[in-house]
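The next block holds one structure in the form of C-alpha cells; read it before the comments.
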Amino acid sequence: MGNTADGFTAECDCPAREELCAHAVVLTVAVLESEFVWSSAATPPSAMQTDPRVAALVDVAGTLSARRLASLVAEWAATDRVLENRLLAYAGMLAPPTDAELADLRQTIDDLAHGATSGDRWDLHDVEKAGRALVEEARVLAHRPATQEALLLVERAARAWDGLAGYLYDAWETYEEEPGEIGGALRAAHVQLCEQVRPDPDELAVRLAEIIGAAEVDSCLDEPSDYLAVLGGDRVKALRHRR
C-alpha cells in the first residue's frame, strides 16, 4: 500500500474483490496509529504489472521451480552490482559501508568526474558513461543500510553529475534524454536515502539550496517536491522560490 500522486492505493493477495480488503484496512489503521511517514516516492503496488511484457514474463517465471528461478537470479546478480546488492539487501545480508569503503567510493566519484573530460581524446560518450557509472555507485549505495555518510556521498555524486551534464545539454540534438535520465536516477537514490536516514530537514534544505545554486546549468536535485516527505511543505516552497 502507499500514497501516490493518484491517491491512496493498496493491493493484497487475498481473494477479496473490494478495493480495500479487510487485510489492507487493518494494516492501514496500524500504520496510521504508528504515525508512519508516507514516502513521496511511493508507486502503486501493481505498477510493474502494467507492462504486458513484464506480466508475460511473470507468468513464465511462475512455471519454474524455486531452485531454477533462484539460479537464474543468482546468475544475473553475479553480473550486475545493483541487482547483487538488492538481492543481498532483501536477504538482510548487507551491513552499512565501512569507513574504508566510503573512502574508496569517494575516490571513485572524484575519478569519474575528473576522468570524463580529461586528456585530449575525450568525447561526449565518455561523459555519458561517467554519468551512468555514478548512477550505478549511487544505486549500490542506496541498497546498503542507510547512513548520513552514504547520503553525503550520493550528494557528492549529484554535484559531480551537475558539473558534467552541461556538456550533454549543449549537445541536445544527440543527447536529448540522457541528462534527465541520469540526473533523475541520482535524485531517486538521494530521495530514497533521505527518507531512510531522516536527516535534519533544515540542514538538508541548506545543502540542497547550495547544491542547486552551485550548478552551472540545472542541478539534478532541483525537484523540491520530491523531498516533501523529508523537508515539509514550507521548506519545499522556499526551495521553489529560489528558482
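The values are calculated or read from the model by the stated rules, or taken from the named source; none is laboratory data. Everything numeric in this text was worked out from a predicted model, so none of it was measured. Reconstructed Cβ throughout: ideal geometry from the backbone, glycine too, with neighbour counts over all protein chains shown. SASA here: full protein model, heavy atoms, side chains in, ligands and nucleic acids out. Shrake-Rupley method; radii C 1.70, N 1.55, O 1.52, S 1.80 Å.
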(request) Using the structure shown, decide if LEU57 is open to solvent by 60 Å² or more (accessible area, probe 1.4 Å), closer than 14 Å to ALA189 by Cα and free of Cβ contacts under 8 Å to residues at least 24 places away in the same chain. (result) no
(request) Read through the list (1) without any contact (Cβ under 8 Å) to a residue 12 or more places away in the chain; (2) among the acidic types (Asp, Glu); (3) closer than 27 Å to ARG144 by Cβ, then give the number of the only condition that ASP226 fails. (result) (1)
(request) Please determine, by comparing only the residues of region 215-239 that are farther than 19 Å from ALA157 by Cβ and of a type in the set (A, V, I, L, M, F, W, C), which one is surrounded by the fewest Cβ atoms within 10 Å (Cβ to Cβ). (result) ALA238
(message) Suppose we keep only residues that are in a loop (DSSP other than H, G, I, E, B) and open to solvent by 90 Å² or more (accessible area, probe 1.4 Å) within region 97-131. Which one would you say is nearest to PRO179 (Cα to Cα)?
(response) ARG121
(message) Can you tell me how many residues within region 168-214 are open to solvent by 10 Å² or more (accessible area, probe 1.4 Å), farther than 16 Å from LEU134 by Cα and either hydroxyl-bearing (Ser, Thr, Tyr) or in contact with a Leu (Cβ under 8 Å, 6 or more places away or on another chain) (or both)?
(response) 10
(message) Could you go through region 120-129 and let me know if any residue there is out of contact with any His (no Cβ under 7 Å at 6 or more places or on another chain), of a type in the set (A, V, I, L, M) and at pLDDT 95 or above.
(response) yes
(message) Return the residues of region 188-211 that are closer than 22 Å to ARG139 by Cβ, free of Cβ contacts under 8 Å to residues at least 60 places away in the same chain and among the aliphatic types (A, V, I, L, M); say none if nothing qualifies.
(response) ALA189, LEU193, VAL197, LEU204, LEU208, ILE211
(request) Among the residues of region 97-134, count how many are touching a Lys or Arg at 6+ places or on another chain (Cβ under 6 Å) and over 15 Å from ARG159 (Cβ atoms). (result) 1
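To keep it simple, each residue is scored yes or no on (1) modelled with pLDDT of 90 or more; (2) in a loop (DSSP other than H, G, I, E, B); (3) open to solvent by 90 Å² or more (accessible area, probe 1.4 Å).
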| site | (1), (2), (3) |
| --- | --- |
| LEU32 | no, no, yes |
| SER40 | no, yes, no |
| VAL82 | yes, no, no |
| ASN85 | yes, no, no |
(message) Looking at ARG144, ARG156, ARG242 in this structure, which one is surrounded by fewer than 21 Cβ atoms within 10 Å (Cβ to Cβ) and farther than 24 Å from ALA113 by Cβ?
(response) ARG242
